[in-house]
Amino acid sequence: MDSRRVANTVLLRKLLLAVLLMFGFAWLLVPLYRVLCEVSGLNRVVAADALPEATASQPPVRPVTLQLDAMVQPGLPWQVRPVQSRLQVKTGQLIQLEYEMRNNSERQVVGQAIPRYLPAEAAAYVKKLECFCFRQQAFRPGEVRRFPVVLLIDRQLPAAIDSITLAYSVFDVPGQGRAP
Amino acid sequence: MSCLRLCGISAIWFVLHSTAVQGETAAFNLQAPATSLARLEYDLHSMLLWVTGLIFLLVSGVMLFAIVRHRKSRAYRARTFHENTTVEIIWTVIPLLILLAIAWPATRAVLSQKSTHGEDMTIRITGYQWKWRYDYLDDNFGFVSHLSTPRTGTAAGAALPEHYLLEVDEPLVLPTGRKVRLLLTANDVIHSWWVPQLGVKQDAIPGFLRDAWFMVDKPGIYRGQCSELCGKDHGFMPIVVDARSPEDYARWRDARLKQAATAADDPAKAWTLAALRQRGETVYSQNCLPCHQASGKGIPGNFPALDGSPVVNGDKAAHLRIVFFGSQRNPAMQAWGKQLSDTDIAAVITYERNAWGNHSGQVIQPAEIHALRGSSG
Amino acid sequence: MDLASNTAHGMVSAHKPQGLARWLFATNHKDIGSMYLWFAFCMFLVGGVLALCIRAELFSPGLQFFQPELFNQLTTLHGLIMVFGAIMPAFTGLANWMLPLMIGAPDMAFARMNNWSFWLLPPAMTLLLLSFIVPGGAAAAGWTLYAPLSVQLGMGMDLTIFAIHILGISSIMGAINIVVTIINLRAPGMRMMNMPMFAWASLITAYLIIAVMPVLAGAVTMVLADRHFGSHFFNAAGGGDPVLYQHVFWFFGHPEVYIMALPAFGIVSQVIPTFARKPLFGYSSMVYATSSIGVLSFMVWAHHMFVTGMPATAQLFFMYATMLIAVPTGVKVFNWIATMWQGSMSFETPMLFAIGFILLFTIGGLSGVTLSVAAVDVQLHGSYYVVAHFHYVLVAGALFSLFSAVYYWFPKMTGRMYVERLGQLHFWWSLLWFNVTFFPMHFLGLAGMPRRIPDYALQFTDFNRIASIGAFMFGLGQLIFLVNILYSLRHGKTAPQQPWEGANTLEWQIPTPAPYHSFNPPPQLETAENGVVLSMRDSGQA
């Protein structure tokens, strides 16, 4: 009887420890996740790219069609459009383009743009040097702004790709003056 | 005999299939292709049908032979063999070779479907619950396309229109002989844009962009439907493509551009109750009716009634707010402020407050909605 | 153990608990197996009624009986109930009943866990069915529960998610039990490479279940977190991706297809040799084919996603991998036919269902090859062609094999024969109306009818009518089965120990009906391929 009592106490302790560990793990999830993001760079939305290094055997410069677009996501009272929707550009050269954004509401709104590329494999070859997507953008009520975007298409771009579509998905950043 | 009957069915299938190719109707087969892509898919499918059909006939034929001949009731004495390496290698290798033969044209077809570059024009397609928006990116205009079949409860025996559920108020108008590139995205959930005769089916994914292409051979009306379950009215968001000759298309486009320039409503204009009600009824049937129903009674448990509703009959500020910003509790109630013009919202609210059993007599002017856009909420 | 007496071959005389306790606290594999089978049959009827509701609505264009949102709930629950409530428990029940008898084990390895894995099913299914009456109704996103649609839905979706969690735990426990039983509890002399194909199929299926049910649980948990805890796994605005859900779901979903098909292969591989009175052809290649189907099933998931806009290279990879599965599947079909070839066949009901299985499964397999070609799939994806395809695989595949198995083992389970004429009627009736129901769906899909729609354009009317009539007749025919079983349980002819002339696996070496406790202690066996027993004697240990 006594040995069973001891065994039960041991089991109880183990179970309590397990509960404590589970609770602790759940409790630590948020800080752990933050650390993980910092270490792995998971949460870095969009960052500026470095210019591609010049190598000895660069493929020649060639023309590429660049189609521009933007998709405003639900919850964001903005208008976003490229000033020019289609450009003839060349690989290996700096390209400057412009986007116009308008806050249609009369409240302060913060948005974040994420670039999407078609074909998807082109993403690795489009180097963004200057872009409004590097940070969240706060717009005053009714504000209209033009943003320059500077990018460069790597000369290593696979020959099969002769047209690239760049479309920004623009999202509402919640908690920054949202409608009720 | 199960096999006999099944062979019969497949035989009928083949016969019908071969006649369907010549005839106008395509009830037994893929719809008549109208683009090079659709033709590619059609031919590939026909090839597969023959290959798989022959394999089926062969397999079931052998089995049928065994069933007829090697049965106990005919006193057939069972052999005892249970392996034969040569035979097994043969029937592993032959299917492999058949598959290789199929893989070659299949690969070419996939690559052709994926070659979206070199387009003459670009259309952005956005899927909404439950309608499609088309934006002509090169010309900077766009419109929303709704189902136009009236959503009345179908009484048995009532005559249905010819293109029941496959008709829209504004079709996507395109020129023939031009390579059209589609950029697809969605606003809420995943939709899928499918027009069988054009050989295109592509999911539209919220927050992401996908592309597809086609080039229509000859003028005509091509119909399709959303093919990814997107909620309640998934079956009620058809697609109609109206392909016209390049000259006709250019005329349509110019008219459209002029119309876009003049159509913008003056938000300051004061409307009468009757005019707003009339416009509001149209807006209601295009946007609100699927959930709140033509009767305004809604669907108990899912979508609230508007007829006799305290919101609709109460303080108009609350009514404006829920239409404009949507409902926090029920995501099906979207923020219409983003989708509809000031005038349309004013019209539909006026309609709701003066329809069915609601008789407030109130008129909501577009200016009030304009002011709401300005309020910080 | 307070065992009474040992009879020949380690049979222990019946000592069974009585009354409700026998079932509530059941640890006997035969009791639990019976409960599984009855439960699965009830769920089959429930899911069938939902299917008939769908077909009733689709009899004519226009909305007659159900509003669109209720229709979506019906299709969703029909799928979930049939997959998780009917087919999977039925196979687990059969494995419970027959595996210990076929490999000479006294019971399943974990008797109490076995009880638990069954008794989790009724509450899970209750949750699912209850969801019809909560505000907003049941889940309406299709059985695939695609995000972000499933994130939008009402609390019926939460009940569904919890139900799936419970069902997943139940399946995993059942699968662990099967794996451990097969690996550890085979009687001396029952070598792995001599096991019955049904045991092999169950073993591989169990591994698949253990591998993928947690994946499904993960997918629906992410949906739950997106719904309630503010996460953004499937929401682009928060850095998520809606397509991620499809990848995770189909990584579960495709092996799941084989979870429902491999045990069917196993059953057919037992039934055909028995009624052809000839050993199974190519036993070892059958084992390898089954294993390679199991492995390949993990590499083909994205063929369910050919229109999501994958890069061409990914499409091609998944297309080739999918086509490759046709090879081992073909090998199995050829092996069954070679088993029948030059046999001495007789056509009792189990054999009829097995032959029906081979024929119809071949059609389903060949339409699968058509679907695997990505370029053609662009036309067929999300259409009724897909509905036709997977009903040929799952109704004609899984369900027909289950009927075959129940008729085949009914004498051993109950000690009585079923009524042969009713069984034959059941088969011919099912075969006819199954084809009337599902064959026209190929045409509907080709002609452009999307699946999961409550109302359709006029050109689809004729085939929908035919399919609806077929569905109601098919449903009616299942009552023949129920009547046959209920009648035969009490009034059937007494079955001999060996009702089938050609049956020579272990379960036929013990008395009929199978005693409550069997193979305790296990016998000494001498076996040949596919579980054929050459000799059996007492192991002598008591």
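The values are calculated or read from the model by the stated rules, or taken from the named source; none is laboratory data. Note that the coordinates shown come from a computational prediction; the quantities given were computed from them, not determined experimentally. For neighbour counting, all protein chains shown are included, and Cβ atoms are generated from backbone atoms with ideal geometry for every residue, glycine included. Surface areas here come from the heavy atoms of the whole protein model, side chains and all, with no ligands, DNA or RNA. Shrake-Rupley method; radii C 1.70, N 1.55, O 1.52, S 1.80 Å.
Shielding of B:83-89 by partners, i.e. mean partner chain Cβ atoms within 10 Å per residue?
4
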(request) Give me the distance between the Cα centres of region C:49-85 and region C:156-173, rounded to whole Å. (result) 22 Å
(message) Let me check the size of region C:29-536 from its C-alpha atoms; what are the radius of gyration and Dmax in Å?
(response) 22.2, 68
(message) Taking 8 Å as the Cα distance limit and 6 or more residues as the minimum spacing, I'd like the relative contact order of chain B as a percentage.
(response) 13 percent
(message) Relative contact order of region C:29-536, please, whole-number percent, based on alpha carbon pairs below 8 angstrom and at least 6 residues apart.
(response) 19 percent
(message) Rolling a 1.4 Å sphere over the protein heavy atoms, what is the accessible area per residue of region A:1-44, to the nearest Å²?
(response) 102 Å²
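For chain C, give the share of DSSP beta bridges that are antiparallel, in percent and rounded to the nearest 5; count only bridges with both residues there. Could the numbers behind the result be given before it?
On the way: 10 of 11 bridges.
Antiparallel bridges make up about 90 percent of those DSSP assigns within chain C.
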(message) Please give me, ordered by residue number, the chymotrypsin sites (Phe, Trp or Tyr not before Pro) of region C:214-264 that lie in loop per DSSP and have at most 11 other Cβ atoms within 10 Å.
(response) C:229
(request) Show B:83, B:352, C:420 ordered by accessible area, largest first, where the area counts protein heavy atoms only and the probe is 1.4 Å. (result) B:83, C:420, B:352
(request) Using the Karplus curve 6.51 cos²θ - 1.76 cosθ + 1.60 with θ = phi - 60°, work out ³J(HN,Hα) for each residue of region C:306-314 in order, rounded to whole Hz, and write x for Gly and Pro. (result) 5, 9, 7, x, 6, x, 4, 4, 5
(request) Step through the residues of region A:110-124 one at a time and calculate ³J(HN,Hα) from phi using the Karplus curve (6.51 cos²θ - 1.76 cosθ + 1.60, θ = phi - 60°), rounding each to whole Hz and writing x for Gly and Pro. (result) 10, x, 9, 9, 10, x, 10, 10, 10, x, 4, 6, 6, 3, 5
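If contacts are Cα pairs under 8 angstrom and at least 6 residues apart, what is the relative contact order of region A:63-172 in percent?
41 percent
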(request) Show the residues, 5+ positions off or on another chain, whose built amide H is closer than 5 Å to the amide H of residue C:240. (result) C:235
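Under the rule of -39500 (n - 2.57) per DSSP H run of 4 or more residues, summed and divided by the residues of chain A, what mean residue ellipticity at 222 nm is obtained, to the nearest 500 deg cm²/dmol? Spell out each step's value before the answer.
Details: 1 runs with 39 residues, N = 180.
Taken over chain A, the calculation gives -8000 deg cm²/dmol.
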(request) Work out, step by step, the length gained on full extension between residue A:138 and residue A:39: first 0.36 nm times the residue separation, then minus their alpha carbon distance; give nm to one decimal. (result) 32.9 nm
(message) Please list 3J(HN,Hα) in residue order for region C:424-436, calculated via the Karplus relation 6.51 cos²θ - 1.76 cosθ + 1.60 where θ = phi - 60°; whole Hz, with x for glycine and proline.
(response) 4, 4, 4, 5, 5, 4, 4, 4, 4, 6, 4, 5, 4
(message) Beyond a 19 Å Cα-Cα separation, which of these cross-linked pairs lie in this structure: B:114/B:201; B:131/B:338; B:269/B:338; B:297/B:338?
(response) B:269/B:338; B:297/B:338
(message) List, by residue number, every residue in region B:235-250 with a reduction of 20 Å² or greater in accessible area between the chain on its own and the complete protein assembly, 1.4 Å probe.
(response) B:235, B:236
(request) Round to a whole angstrom and tell me the spacing of the C-alpha centers of region C:291-333 and region B:308-377. (result) 51 Å
(request) Mind checking which aspartates and glutamates have their Cα closer than 12 Å to the Cα of residue B:218? Skip sequence neighbours fewer than 8 apart in that chain. (result) B:242
(request) Sort C:348, A:98, C:507 from largest to smallest accessible area, using a 1.4 Å probe on the heavy atoms of the protein chains. (result) A:98, C:348, C:507
(message) Using a 1.4 Å probe on the protein heavy atoms only, what accessible surface does residue C:38 show? Give it in Å² to the nearest 10.
(response) 110 Å²
(request) Restricting to the protein assembly as shown, compute how many DSSP beta bridges are antiparallel as a %, nearest 5. (result) 80 percent
(message) Connecting C-alpha atoms closer than 10 Å in a GNM of chain B, tell me which of B:171, B:238, B:150 has the biggest fluctuation.
(response) B:150
(request) Report, for region B:172-298, the % of DSSP beta bridges that are antiparallel, rounded to 5. (result) 80 percent
(request) Quick one: divide the alpha-carbon radius of gyration of the protein assembly as shown by 2.2 N^0.38 Å and tell me what you get. (result) 1.02
(request) Between B:316, B:131, B:72, find the one with the highest GNM mean-square fluctuation for chain B; connect C-alpha pairs within less than 10 Å. (result) B:72
